[in-house]
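A.B. asks: Before anything else, here's the structure in question.
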Amino acid sequence: MLGHLGLLAGLVLLIVLALRGVNILLAVLFSILVIGLTNGMALQEVFLQHFPFGASGAFSFAGNFLLLFLCGALFGRIMAASHAAQGVAMAITRWLGAPRALLIAMLVCALLTYGGVVVFVVIFTMYPIGVTLMKEANIPRRLYAAAIALGAGTFTMTALPGTPSIHNVIAANSLGTDLFAGGWYGVLAGILMAGFGMWYLEKQWRTAISNGEGYQATPKDEQMAALAPQGDARLPGLARSIAPILAVLFLIVLPRLLMLSGVSADWISFALTQPILWASFALLSGSALCYVLFPPVRANFVKTAGQGADDALLPLINTAAVIGFGGVVIQTPGFHAFAAWLLGLQLPDLLSVFISANLISGITASASGGLQIFMSSLAPAYLESGVSPELLHRIANLAAGGLDSLPHSGAVIALFTLMGLSHKEAYRDIFVVTVLVPMLAALIVVGLAMALH
């Protein structure tokens with residue numbers, strides 16, 4: 001009984017510390033101390049075995065995914081330094097017009113993240129541009145933040161096939177599938193998420209305007225506005241700006257297309273069976289194309305590359321810390337009882353996958369952390385019961401992207417901090433577009449998959 005209470009206390013402590021802005025690594029270490037002491041676990045096993053080196057350990061994860069994080073952060077930094085990310089954003093803004101600012105934010109964030117630009121780079125790219133858009137279209141800051149979250153943290157993260165997102169790679173690496181597994185289900189889920197999410201945001205915008213709520217400037221807005229492009233003279237055109245993103249996506253798609261065409265080669269098999277290395281290679285190739293296309297990148301390449309390497313460390317450490325937390329949790333009797341309860345539910349397998357992946361991601365407040373724990377602890381049981389690896393890949397990905405955005409989510413806290421928002425002001429909209437909408441889309445896809453299998 002004490003162990004169960006300690007497990008619950010550790011989870012609550014992690015949530016409370018995260019909400020209070022405590023560094024996630026420190027919050028995790030305090031939380032696993034509570035869990036270890038109340039569950040009678042030897043501290044040397046908690047801190048020197050389960051947390052760092054277990055099957056779901058922090059260093060185990062970091063070692064496996066360091067290259068992907070590094071190449072993703074490098075590509076994101078170079079895209080920002082070349083002004084290509086801003087070039088894409090401004091081109092779409094000119095095309096659609098500022099009154100469609102919410103749609104612009106969602107589309108640009110989706111395009112950048114689907115092409116491999118890391119979420120934090122996308123946020124920092126969109127906020128300076130967003131100051132102008134929010135002002136011109138009179139958009140409440142909370143809704144613009146929700147549009148960024150919808151584009152950067154939902155369907156391109158877990159639904160759309162082929163994305164080099166860490167979530168897609170985790171599933172492919174664990175199940176032996178490729179990045180396109182369950183592709184049509186992912187496309188359907190992506191359309192549903194984008195459609196429902198934008199319908200909600202546009203409806204809330206109209207309601208806000210009718211209630212007299214609009215854009216309100218903050219001192220930080222002036223600082224961010226100074227970072228936005230002043231005219232288009234120094235921005236590359238859309239064709240050049242989007243070329244590196246298209247190159248990354250083309251390289252990821254190419255082995256799949258060749259395989260479907262009947263072409264056989266060793267490098268194709270390598271690409272399809274090594275999702276971490278191939279996705280990293282695609283991102284590195286995108287960075288090399290930026291070097292060729294953009295003089296500002298060549299002029300400061302060493303400095304920019306170093307900044308990209310630095311950018312990789314914090315997301316990698318934070319994600320690894322959350323996964324290491326899960327690595328301790330799964331060693332407790334309480335988690336084994338929880339897993340047995342989940343697997344013992346008299347539910348169809350795919351519905352059980354939806355529930356279990358959602359709950360684990362909610363516990364860790366991380367889709368990647370929850371998915372890694374799910375794959376190492378529960379996925380084998382579903383495979384044994386007859387769920388195909390391709391279907392399990394996509395359904396688990398979709399489910400992991402539901403409860404991962406609870407108030408203690410690191411990405412949510414980072415977005416609110418950057419945009420000067422509080423949970424009281426803005427979390428409701430974030431909850432709808434990043435929790436309710438993805439869960440609804442995932443449930444619809446689960447129902448369809450159950451009907452077809």
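A.B. asks: In degrees from 0 to 90, rounded to the nearest 10, what is the angle of the helix 183-210 Cα long axis to the longest principal axis of the chain?
C.D. replies: Helix 183-210 sits at roughly 60 degrees to that axis.
A.B. asks: Also, quick follow-up: If each residue of separation counts as 0.36 nm, what is the full-extension length gain between Ala299 and Ala98 once their alpha-carbon separation is subtracted?
C.D. replies: Taking 0.36 nm per residue and subtracting the Cα distance, the gain is 69.0 nm.
A.B. asks: I need the phi-derived Karplus couplings for region 155-172: 6.51 cos²θ - 1.76 cosθ + 1.60, θ = phi - 60°, integer Hz, Gly and Pro marked x.
C.D. replies: 6, 6, 7, 10, 9, 5, x, x, 5, x, 4, 4, 5, 5, 6, 4, 5, 5
A.B. asks: Something else now. Starting from the Cα of Leu26, step 7 Å along the direction of its Cβ; do the same at Ile209; then give the gap between the two resulting points in nm.
C.D. replies: 4.5 nm
A.B. asks: Let me ask something additional. Please find the FRET efficiency linking Trp341 to Ala55, where r is the Cβ-Cβ separation and R0 is fixed at 35 Å, and quote it to the nearest 0.05.
C.D. replies: With R0 = 35 Å, the Cβ-Cβ based efficiency is 0.95.
A.B. asks: For the chain: lysine pairs with Cα atoms under 26 Å, gap of 8 or more or different chains, count?
C.D. replies: The number of close lysine pairs in the chain is 5.
A.B. asks: Here's a follow-up. Could you give the length gained on full extension between Leu43 and Ser388, defined as 0.36 nm per residue of separation minus the Cα-Cα distance, in nm?
C.D. replies: 120.3 nm
A.B. asks: Sticking with this one: How much length is gained on full extension from Leu246 to Ala217, taking 0.36 nm per residue of separation minus their Cα-Cα distance?
C.D. replies: Extending this stretch completely gives an extra 6.9 nm.
A.B. asks: Taking Cα atoms, how many degrees apart are the long axis of helix 119-137 and the longest axis of the chain, rounded to 10 and kept between 0 and 90?
C.D. replies: Relative to the chain, helix 119-137 is tipped by roughly 50 degrees.
A.B. asks: Where in region 306-323 is the amide nitrogen less than 20 Å from a point lying 7 Å along the Cα-to-Cβ axis of Thr417?
C.D. replies: Inside the label zone: 307-323.
A.B. asks: Quick one: Karplus J couplings for region 97-111, per residue in order, coefficients 6.51, -1.76, 1.60, θ = phi - 60°, nearest Hz, x for Gly and Pro?
C.D. replies: So the J values, rounded to whole Hz, are x, 4, x, 9, 4, 5, 5, 4, 4, 5, 5, 5, 4, 5, 5.
A.B. asks: In whole percent, and with a 1.4 Å probe on the protein chains, what portion of the accessible area of the chain is carbon and sulfur?
C.D. replies: With neighbouring chains kept in place, the figure for the chain is 68 percent.
A.B. asks: Further question: When the solvent-accessible surface of protein heavy atoms is calculated with a 1.4 angstrom probe, in what order do Leu238, Leu345 fall, highest first?
C.D. replies: Order by accessible area, largest first: Leu238, Leu345.
A.B. asks: At 1.4 Å probe size, with every protein chain present, just tell me what the per residue accessible area of region 1-141 comes to in Å².
C.D. replies: I get 41 Å² per residue for this part.
A.B. asks: Give a residue-ordered list of calculated ³J(HN,Hα) values for region 237-244 (Karplus: 6.51 cos²θ - 1.76 cosθ + 1.60, θ = phi - 60°; whole Hz; x for Gly, Pro).
C.D. replies: x, 4, 4, 5, 5, 8, 4, x
A.B. asks: Go ahead and estimate [θ] at 222 nm for the chain from helices alone: -39,500 (n - 2.57) per DSSP H run with n ≥ 4, summed, over the residue count, rounded to 500.
C.D. replies: Calculated from helices alone, the mean residue ellipticity at 222 nm is -24500 deg cm²/dmol.
A.B. asks: Using a cut-off of 12 Å between beta-carbons, work out the net charge of the residues near Thr177 (Lys and Arg +1, Asp and Glu -1, Thr177 not included).
C.D. replies: Neighbour charge sum, excluding Thr177 itself: 0.
A.B. asks: Right, another one. Quick one: helix 437-452 against the long Cα principal axis of the chain, what's the angle to the nearest 10°, folded into 0 to 90?
C.D. replies: The helix 437-452 is inclined about 60 degrees to the chain.
The values are calculated or read from the model by the stated rules, or taken from the named source; none is laboratory data. If you're wondering where the values come from, they're calculated on a predicted model, not measured in any experiment. No Cβ is skipped: glycine too gets one built from the backbone with ideal geometry, and neighbour counts run over all protein chains shown. These area figures cover heavy atoms from the full protein model, side chains too; ligands, DNA and RNA do not enter into them. Shrake-Rupley method; radii C 1.70, N 1.55, O 1.52, S 1.80 Å.
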